[in-house]
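Only one structure is covered here, and it is reproduced in the block below.
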Amino acid sequence: MAVRVLDQREIQRMGGRRAKYPAAAVVDMLLRPLKPTCVLETTYGEGRFYLVFRPPYLIGADIVRREWKVRPDEFYEMPVWALYHALREGRASLGRRPEVVVCDPPWGSWQRRLHYWRARAYGSPRLILEYSLKVAELVGARFLLLHWGEEPPAPAGWRLERVVEFRPFTRYLNAGETRTFFALYSLSKRSEGL
């Protein structure tokens, strides 16, 4: 699988919202060609990923409701593993079937992780990914978009379609070899769905 390396300076040359929110520009590059009518993000946060491209229907889940940059159409205030069990047991149902599930586990910021600790729902990035994959299979999503802090994993039953290695840049901070990966997977074995 070829990895596209994208330097933040390339995005800044595009201008507008893309320059201000480079991660949203990368998400736009990966989501827009899929033309999804519904997207579910299991780690919604403020919804910054959708500042460049907002799908027609957006479902968010997270452990705490934050001040949103982009308001979702539906929101579930629970961690991804609680969402999985609620959907599986019929205690929750989504308004629409998502074609894409987005997972952006907290990697570097301990303060973001404190929200999980306070909610007694602390989880590692791998646990969050594991349950995001389970949710995607359960709801019958065709794709999973993962924002990951290291080389993306190869989960069983999922085919890696595209990888973008994003390298942030700032002239005022020597951040070293900072990079993150955006990986788009397709479900190679079709599950029943809800």
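In loop segments of region 1-110 as defined by DSSP, the GluC sites (Glu not before Pro) with at most 16 further C-beta atoms inside 10 Å of their C-beta are GLU46, GLU67, GLU89. Once the C-beta distance of GLN12 and THR37 is scaled by a Förster radius of 41 Å, the resulting FRET efficiency is 0.85 to the nearest 0.05.
A short reminder: the numbers here are calculations on the coordinates, not readings from a lab. Quantities reported herein were computed from a predicted structural model and do not represent experimental measurements. Glycine gets a Cβ as well: all are built from the backbone with ideal geometry, and neighbour counts include every protein chain shown.
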